[in-house]
Structure formats: structure tokens, C-alpha cells
Amino acid sequence: MSKRQAIASCESDTVMPRSAVKRKYQPEMADFHSNEPGNDGKSTVKFNDMSDHVIDVILCELPLEDLANISDTSTRLRDIASSVFLRKHAHRLISMDVFHYGINICDKLREHYKKDFPVYCEHNAMLRISAAPIWFKLLRNFGATIKHVRIHGHTTNDTYTLNVMPNLIKYVSDFCSDSLETLEALAGNQFLTFKRPLTNLREFCLFSGRFESLEALESMPNVRTLKLSRVPKTIAKFYAKLERVHLVVESDEEVQTFISFIRLNRQIKYLHLVIFHDCRPEHNDAIYSSIADNLTQLTTFKLCESNVPQLVSRHRFQGVESFSVECRGPLHMFEFNGLRKLTLRGVFAYPPNCVTIAQRYKDLKILKLPLLEEAHVNASFIQNLLKKLPELEQISVYRDKQNRWSTLKNLLGRKWEQFEKEKTGKFRPSWMPISQHFRKK
């Protein structure tokens, strides 16, 4: 069997009905009429008689699905289409939605994700592809330049998903291993097996509640950002380039694995830690102690804790400059040497409690508050806040429908101005409130 036949056989297991693909171009059949002297005013120019530049201009106007289709018609068009893809789409996040579209509930689920969870990674734009034949054409023809891929699969055991996912992962491994920089997998971990190392991969995200081991990390020697929805048993290893980590500790069994992972990766500079209520509160001391003792290079610490902590010990984080916290308990156990940015969420963060918490850090530059209760926001609150924090340069609050943030704007007076933060390209889910920012003039 030839290589071309093998590829066609692989795709045939997962190809959707022809109605799922918009159309196929047949450019070799296109004719263009023009008036030429001495030829009765008629002549015919074939599509392939046009220069590469003219075809390039035409292909630039096609949507990505049509660009993938036309790239499959000839070697010449594939080369020109690859150049167009490199300029227009290589920097974008290619999201491949693996759903069985014949099931109504999955159609609704797809629309739900599309609306409320547009993208997790930070990128300027995203392309969402739903037709399986287009995925394979994209990966096969443009894989050498694709940098950001998201595999968004519904974690069911329907036949369609079971057939598509292994082939999709195989295509990513075969055609994108030298170019891929970001890989998101919102699907079952059982499909993540790579035969070739992803040498350029810098960011890996896996959000699935069904994995305990993650051998796929062995294929990512240069990963710098790791985002997981659990702490797998196989994570307690050293990753030389790892700097940014987002982990969720769900149970008591994962606590010791997390601590072992921290001890082996002391180079981590950014930690986003979520502790679920299934983890016993008395284990929190061990977690925070391991972070304070081992992560001496940590500069940003984000914490979300759903249980009520029962802590006695105090934990000092030497190098942390930015601390974001959402939990139900007091914060007296957290101490910092040079905190510059503090983000408070949760019931304890409402005024005047936020003043009591923030005033411990006289050098604080940025303070971010939750939705303000109008009953607590008054002139005395603002005066007390600014008096306790003389170095404060920026205050951010969440905007709500009642425009309670406008009260804060009036109370701050003329010495403070409202401003818009520069956009980083991150997509904001519809449920996330918008922040209003104020800075000292």
C-alpha cells in the first residue's frame, strides 16, 4: 500500500458526510475570457496559466476550510496555499471540535462551550473547525507551520469520538511535532500518545477528569507552561524548562504527589493552585509549607481554596510579588517580604476587611477588589485605604450592573483617573465580570 493510500485509509475511518464539507474547488476547470486583438476578441485562460502571485491573491480571500480543500488538489496549489496559511493563520489557535453532531445534546454542548468558554490559551484569534476531513487536510498540508492546536472533545464513549481521536492525535504527532508551541486537550487522556517528541512545545493544557497518569509529558522536553485539571501520579518528575504551573489538588491522595513535584521543580516562578473541598483542611499546612520552603524563585502565586482551612502555622513566601487569593478562611497565615500586587476575592475581601488585610503591606502598588458593597464604600473607607497604603498606584474593581464602581470613582477624586488596560489577546468568558481600573495621576 502506498503512503497516499495509507493516509486515505486512515482518514476514511473518521470522514464525516460530504454535506459537512462546504465545497471542493476544481480550479483546473476554470476558464477566464479576455479580449485579445486578432483573435476575434475571444481567448481562454486556464486557471493554472495564471502566475503564483495572482493565485496567491485569490487564495488569500478564501476561508480556512476552503483553503484546506484547495490545497489538496495539486502540489502547486498546496505550496501556494501553505504560504497563505503561514501569513494569515499560523499564529492563530486552531480549535478542532470533536463532537458527534448527530446527537442533539452534543450540539447544545458545543454551543455552550462556544459561548461561555471561547478559548483558554492567550492568543489574538482562534479558528474553530468542526468537520473532520478539514482537520486532516490542515494537519497534513500545513502541519509544518501550525503553532497552536486545541483538541476540544466531549468525553463520551460514542463511536465517532473513539474513531476520530486516535487518528487526530496521530496526525498532530506526525505533522506538527517540529512546529507546535501550544497544545490544549479538552478530551480524554487515553488518546494522548505521541510517537515523536514535541520539541518546540512550550505550553501544554489538559482538562479532563479521567486521567491518573500522564506519560505524554515525556514527549515534551521543553515545556514551560503546564496546566492540568488534576495532579497525575506520574507528575513527580523533574522538568528542566518548566516555569509556569496551574494545578488542581482534588483529594488527599494527590497532596503528597504535589509536594514531591514541588520539591523536584524548584525553578517554578508562577503557580496557580486550586484546592478542592475533597482535600482535608489539615493537609493545607503541608502544601503551603512545601511551597514556601522549595519555590524560592516564585514571584506570582494564585490560590483558590474551597474548604475552610484549619491552619496554625504561618508561612512566609520570600520572593512573591503578586498574590491572588480566593478562600473562605482568614489570611493571617500568609506573609510576604516584598508584595507589590494583591488581588482579593471571597467574603473576607469586602470593605472594610480588605483594608485590614492590605495594610500589612505598606509598599503595595496594585490592589484589586471584588464587587463592592455600596453600603461599605464611603469617604472614610477611601481615606483609610489611601492612608494605610501610601505607595498605592492602582486600584481595580469589578464592574456590576448597578455601576457601584462609579461610586468609587467619585470618591477617589481628581487625583485618580480611570484607564483601560492594554489588551493581551486573552478571550474573556461571558460569565467573567469586567474590571474597572483607576490609577494615581
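The values are calculated or read from the model by the stated rules, or taken from the named source; none is laboratory data. These numbers were taken from a predicted model, which means no experiment stands behind them. Note that each Cβ is placed from the backbone with ideal geometry, even for glycine, and that neighbours are counted across all protein chains shown. With ligands, DNA and RNA removed, areas are computed over all heavy atoms of the protein, side chains included. Shrake-Rupley method; radii C 1.70, N 1.55, O 1.52, S 1.80 Å.
Only one of (1) within 30 Å of Leu138 (Cβ to Cβ); (2) out of contact with any helix residue (DSSP H, G or I) (no Cβ under 8 Å at 6 or more places or on another chain) fails for Leu183. Which number is that? With respect to (1) within 30 Å of Leu138 (Cβ to Cβ); (2) out of contact with any helix residue (DSSP H, G or I) (no Cβ under 8 Å at 6 or more places or on another chain), Leu183 is out only on (2). Scanning the range 137-154 for residues that are assigned to a strand (DSSP E or B) and charged (D, E, K, R) gives a single hit, Arg150. Taking the listed residues Thr257, Thr225, the one that is at pLDDT 95 or above and either open to solvent by 10 Å² or more (accessible area, probe 1.4 Å) or of a type outside the set (D, E, K, R) (or both) is Thr225, with no other qualifying. Within the range 57-82, residues that are touching a residue at least 12 places away in the same chain (Cβ under 8 Å) reach partners that are charged (D, E, K, R) and exposed (fewer than 14 other Cβ atoms within 10 Å of the Cβ) with beta carbons closer than 7 Å, at six or more positions or on different chains, in the pairs Glu65/Lys22; Asp66/Lys22; Asn69/Lys24; Ile80/Asp52. Residues in the range 31-45 include none that are surrounded by 11 or more Cβ atoms within 10 Å (Cβ to Cβ), at pLDDT below 90 and basic (Lys, Arg). Is there a residue being within 24 Å of Phe136 (Cβ to Cβ), at pLDDT 50 or above, in a loop (DSSP other than H, G, I, E, B) and of a type in the set (Asp, Glu) anywhere in the range 7-19? No, because not a single residue in the range 7-19 is within 24 Å of Phe136 (Cβ to Cβ), at pLDDT 50 or above, in a loop (DSSP other than H, G, I, E, B) and of a type in the set (Asp, Glu). If you go through the range 347-372 and pick out every residue that is part of a loop (DSSP other than H, G, I, E, B) and at pLDDT below 65, you end up with 3. Selection of the range 201-229 for residues being among the hydroxyl-bearing types (Ser, Thr, Tyr) and in contact with a helix residue (DSSP H, G or I) (Cβ under 7 Å, 6 or more places away or on another chain) yields Ser208, Ser213.
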